[in-house]
Amino acid sequence: MLQTFYLIIMLSGFWLLLSGHTDPFMLSCGLVSILLTFLIAQRLNIVEEGAQPFYLPLRIIIYWLWLAREVVKSTWDVTRRIWHPQLPISPVVIHIDTSQTTPTGLMLYANSITLTPGTVCMNVEDNRMEVHALTREAADDLLSGEMDRRVSQLEKKL
């Protein structure tokens, strides 16, 4: 029962964050969509005991904040380089060995790389990623392993 309540609270918060509407009609529409989503999830039997651990949202929020900071930094860097008259880019393709052990961890790492402007994960095979970086500095940043370490810490708690 606690898992059900937790899932509905998480869906409500996510809906409110994305919609931003607080008038009664829109809130009632949101409630209907949340309940419908929950009923479909129950019917498909994808809501199970322990599937929504209580400690995870804080860890995910911390990771999202860190990733948002990285996205802002790289957005600024890419914008500055694109607007520079000499266009100081040095595209490079690198291969990164990852420490993730689950498909979810690999997916999170690859998507985090792709979300960061100036880098795109092109291929994942086993625990090795092929990444295109707009600059050597962006590639070196990935090779430093900071993102890999943070994703691995989060993955261990999933």
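The values are calculated or read from the model by the stated rules, or taken from the named source; none is laboratory data. Computed from a prediction, not measured in an experiment: that's the story for all the values here. Cβ sites come from the backbone with ideal geometry, for glycine too, and all protein chains shown count toward neighbours.
Summary of computed values
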item	result
Test: residue in region 132-147 that is among the aliphatic types (A, V, I, L, M), buried (at least 20 other Cβ atoms within 10 Å of the Cβ) and in a strand (DSSP E or B)	yes
Members of region 9-58 found to be modelled with pLDDT under 80, in contact with a helix residue (DSSP H, G or I) (Cβ under 7 Å, 6 or more places away or on another chain) and of a type in the set (V, I, T), listed by number	V47
